[in-house]
Structures are given as structure tokens and as C-alpha cells.
1. Looking at the range 119-199, what % of the alpha carbon pairs are farther apart than 20 Å?
2. Which residues among the range 43-83 fall inside the zone where the amide N is under 16 Å from a point 7 Å beyond the Cα of D122, along Cα→Cβ?
3. Run through every distinct alpha carbon pair of the range 63-165 and return the Kirkwood hydrodynamic radius in angstroms, one decimal place.
4. Quick one: Karplus J couplings for the range 40-52, per residue in order, coefficients 6.51, -1.76, 1.60, θ = phi - 60°, nearest Hz, x for Gly and Pro?
5. Just order 113-119, 182-188 by mean Cβ neighbour count inside 10 Å, highest at the front, would you?
6. Rounding to the nearest 20 debye, state how big the charge dipole of the range 42-176 is about its Cα centre with +1 on each Lys and Arg Cβ and -1 on each Asp and Glu Cβ.
7. Roughly how big is the range 86-164's charge dipole about its Cα centre, with Cβ charges of +1 (Lys, Arg) and -1 (Asp, Glu), in debye to the nearest 20?
8. Over the range 59-117, average the accessible area per residue using a 1.4 Å probe and give it in Å², no decimals.
Amino acid sequence: MTLLKKYKWTWIMLAICVILAGYLLWSSLAKPKLPVIGTVAPFSLENVDGNNVALEDTNGKVRLFYFFFSNCPDVCPVTTLRLSQVQDELKEKGLFGKDATIVSVTFDPERDTRERLKEFGDKFKADYSGWYFLRGDQQQVIDLAMNSFKILVNQDRDGNFVHMDLIGLVDRKGNIREMFRPDATAEEIASVVARLAKE
């Protein structure tokens, strides 16, 4: 009895730690799954290496889709930089290329040649083993962005594009599960990708 009294606070602290650990475990397991908010329509586009990449070629991996054009004066370089940080985070987690990839698709195939896209990707230290830079029929790309991802796109008289700056998260089966807004950090995006990859 004296031993219990002597270590009473130790036992109380230990009990609190066990309860806290149980709560943390329960809350991490009880996180709701990301809902399916859409599906990606089939596509076939040209990669920087000259090979065609279809949706089914990327199935089996969690993917981040970003629609851009390399002559973009504002948001595209900033978001591509964030994606390069996501690439680094996913490499640290051992997921990049194996379980997760990035798919950047240009609205501007006329100016965004394969060479231009490679130059743009190199600027952001893209690892092409898990990061596609795709180009193809402009209308097909705009339809893919607008119909599958609900990303609004408009081209002005100078050939520049006004578009929503969103990153789409797609699961291994081609279902869209999340749309990341510009305020999402690289760490947050990589964390959700890792969670979906392990689902």
C-alpha cells in the first residue's frame, strides 16, 4: 500500500499517457477516407521523351495532375516549384516514382514543344522517372481540365491562358479524390498523397 502511495503520481501520469496514446491511435485510424469527387477521362498525350502516355499507363499509382503553360507570367512557375518540393517530400517517404507520380499537362502545345517543356522541367529539378510533362491536342487538354477536373480555362487574344490554379489528386484507379488550392503547402500535399497511397 505504501508503494502505491509513494508512486501515486507516477501511476497517474502513466495512465494519462496510455489514454492519450489510445486516443491518438483511434483518431488516426478513424480519419475518414477521401471521397471520390470525379473520374479522369481517358487521354493519350506526348511526354518530353517523345513517347505517348495514356491514362492507363499511369494507373496503379497515386497521381497529382497540374494544368499549366510554360509562358505563364504568374501562378504556373510558383505551383510548379511547389510540386518540385512535393517531389522531394515523396522521395524522402520512398513513394516517388514507385507509388506516386506528378503529371503536368500544358494548355499550349504550339509554344510548349517537347524541348521547351524539358527546359521548363529542368528549371524545377524535375525527376522524369516519376514526373510527366505532357502535350497534345489543345482542345483535348482543355476538355480534360474542364470536364474531369472542373478547372476553368480561357485563352485571351495574345494566346495566354487564364485558368484556375488547382492541383488534382487522383488515386490508383483514376478517381479524383481532392483538389488542392494554392494555399496548400508541399508538406500537406505530400502527406495526403502518402495517406492515399497507403489506403
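The values are calculated or read from the model by the stated rules, or taken from the named source; none is laboratory data. All values reported here derive from a predicted model rather than from experimental measurement. Note: ideal-geometry Cβ built from the backbone for every residue, glycine included; neighbour counts use all protein chains shown. Side chains included, ligands, DNA and RNA excluded: accessible areas come from the protein's heavy atoms. Shrake-Rupley method; radii C 1.70, N 1.55, O 1.52, S 1.80 Å.
1. Tail fraction, whole percent: 48.
2. Hits in the range 43-83 for D122 at 16 Å: 48-50.
3. Answer for the range 63-165: a Kirkwood hydrodynamic radius of 14.0 Å.
4. Result, rounded to whole Hz: 8, 5, x, 8, 9, 9, 8, 8, 5, 7, x, 7, 7.
5. For the peptides 113-119, 182-188, the packing ranking is 113-119, 182-188.
6. 360
7. 120
8. Solvent-accessible surface per residue comes out at 37 Å².
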